[in-house]
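Report on one structure; see the data block that follows.
The values are calculated or read from the model by the stated rules, or taken from the named source; none is laboratory data. Just so we're clear, the structure is a prediction, and the values are computed from it rather than from any experiment. Here Cβ is always computed from backbone atoms with ideal geometry, including for glycine, and neighbour counts include all displayed protein chains.
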Amino acid sequence: MTAPWSDWDHILKIDPDKDLPDGVTYGDLCATGTDAIEIGGTMGITEENTADVLSACAEHDVALYQEPSSPDVVIEDDALDGYLIPTVLNAGSPFWITGAHKEWVRLDTGLDWDRTSTEAYIVMNPDADVATYTEADCDLDADDVAAYTEVAERMFGQDIVYLEYSGMLGDEDIVDAASHATDEATLFYGGGIHDYDSAAKMGQYADVIVVGDLAHDEGVEAVRETVKGASDA
Ligand code: 1GP
C-alpha cells in the first residue's frame, strides 16, 4: 500500500498550546489547501487541548494526524487518519529515540498499528524547544545529515525522514544533502517557512514542506502562499 504522504506537498502543523490570530478559525486553516493537518507541539500539550483542535478540524475535508510529544497525550478518535510518532535520531537521551516509544507500547496494549507510523527526526536548530527537550546534538554538517538520513531509511526502514529546523529557515545545502540521501523515504522539511518563496525553495529538495508557527502568527493567507510555493516546487 502506498503511504498517503508520498502524494503530499504540504503539512500544516497546529500546536494545541498556541492561539490562532484574531478572526482565524481551525476550519479556515483546514481549507488552505494543505494536504494534512498534524496536531502536535513540544510544550504544554495535553489530551484536552489536542482533542479540542481535533474536534474543530474533524468536520473538514483534510487528512488529520496526531503527532504526540509523549505517550500520555495520545488520543483515540476515529476522526484521526493516524499517528505520526517522532523518533529523534540525534537526541542526547535514548528516551527520545526508543524510550518513550517502549513505554507507550508497554502501557497501551491495544495500540492501533495500522494507523501508526514513525517520523525519523533530525533536529537542527539548537535554540528550538524540541532541541532542548531532547538534548539534541545539532552540530551536524551536510555529511552527518546525509548519513543520518541513510541510517533512518536503510538501517531502520523509516518511511519518513523529518529534517527539523523549527523556528528558523534551514541551510539549503543540508536539505539538498538529505534529499540526495533518500531513495524511497519521504523527506519532510520543517522550519521557518513563511511565504511562497521559502516554501518553493525548500520544496525543491524536500518532498513535503511542514509549516508551523506561521498559522499561529500570521493566519490563513500566509499559509495559503506556502501551500502554493510547496506545490509549485
Ligand atoms: C515545527 O517543523 C515544524 O515542528 C515547523 O516549524 O514553526 O518554524 O514553521 P516552524
Flag if Leu107 is within 27 Å of Ala136 (Cα to Cα) and in contact with a helix residue (DSSP H, G or I) (Cβ under 8 Å, 6 or more places away or on another chain): yes
Selection count, the range 212-233, where residues are farther than 10 Å from Thr32 by Cβ and within 11 Å of the ligand (Cβ to nearest atom): 6
Hey, Tyr133 under 30 Å from Asp61 (Cβ atoms) and either modelled with pLDDT under 95 or not basic (Lys, Arg) (or both) or not: no
The range 1-47, residues that are of a type in the set (Val, Ile, Thr) and within 19 Å of Gly191 (Cα to Cα): Ile11, Ile14, Thr32, Thr34, Ile37, Ile39, Thr42
Selection count where residues are touching a residue at least 60 places away in the same chain (Cβ under 8 Å) and either near the ligand (Cβ under 9 Å from one of its atoms) or charged (D, E, K, R) (or both), scope the range 129-165: 4
Candidates Leu64, Leu84, Leu80 - the one that is more than 19 Å from Val211 (Cα to Cα) and buried (at least 18 other Cβ atoms within 10 Å of the Cβ): Leu80
Count of residues meeting criterion [touching a Cys at 6+ places or on another chain (Cβ under 8 Å) and either touching a residue at least 40 places away in the same chain (Cβ under 8 Å) or surrounded by 14 or more Cβ atoms within 10 Å (Cβ to Cβ) (or both)] in the range 39-61: 3
Considering residues of the range 196-206 that are out of contact with any strand residue (DSSP E or B) (no Cβ under 6 Å at 6 or more places or on another chain) and assigned to a loop (DSSP other than H, G, I, E, B) only, the residue nearest to the ligand (Cβ to nearest atom): Tyr205
Breaking point among (1) β-branched (Val, Ile, Thr); (2) away from the ligand (no atom under 16 Å from the Cβ); (3) in a helix (DSSP H, G or I), for Val53: (2)
Residues (buried (at least 17 other Cβ atoms within 10 Å of the Cβ) and outside any helix (DSSP H, G or I)) located in the range 115-137: Ser117, Thr118, Glu119, Ala120, Tyr121, Ile122, Val123, Met124, Asn125, Ala128, Ala136
Where Ser69 falls short, out of the listed (1) touching a strand residue (DSSP E or B) at 6+ places or on another chain (Cβ under 6 Å); (2) over 22 Å from Val24 (Cβ atoms): (1)
All positions within the range 56-75 that are in a loop (DSSP other than H, G, I, E, B), more than 17 Å from Val223 (Cβ to Cβ) and not aliphatic (A, V, I, L, M): Glu59, Glu67, Pro68, Ser69, Ser70
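For the condition modelled with pLDDT of 95 or more, small (Gly, Ala, Ser) and within 13 Å of the ligand (Cβ to nearest atom), what is the one hit in Gly27, Gly40, Gly33?
Gly40
Working carefully through the options Ile193, Ile209, find the one that is within 13 Å of the ligand (Cβ to nearest atom), assigned to a strand (DSSP E or B) and closer than 21 Å to Val227 by Cβ.
Step by step, each of Ile193, Ile209 is checked, and only Ile209 is within 13 Å of the ligand (Cβ to nearest atom), assigned to a strand (DSSP E or B) and closer than 21 Å to Val227 by Cβ.
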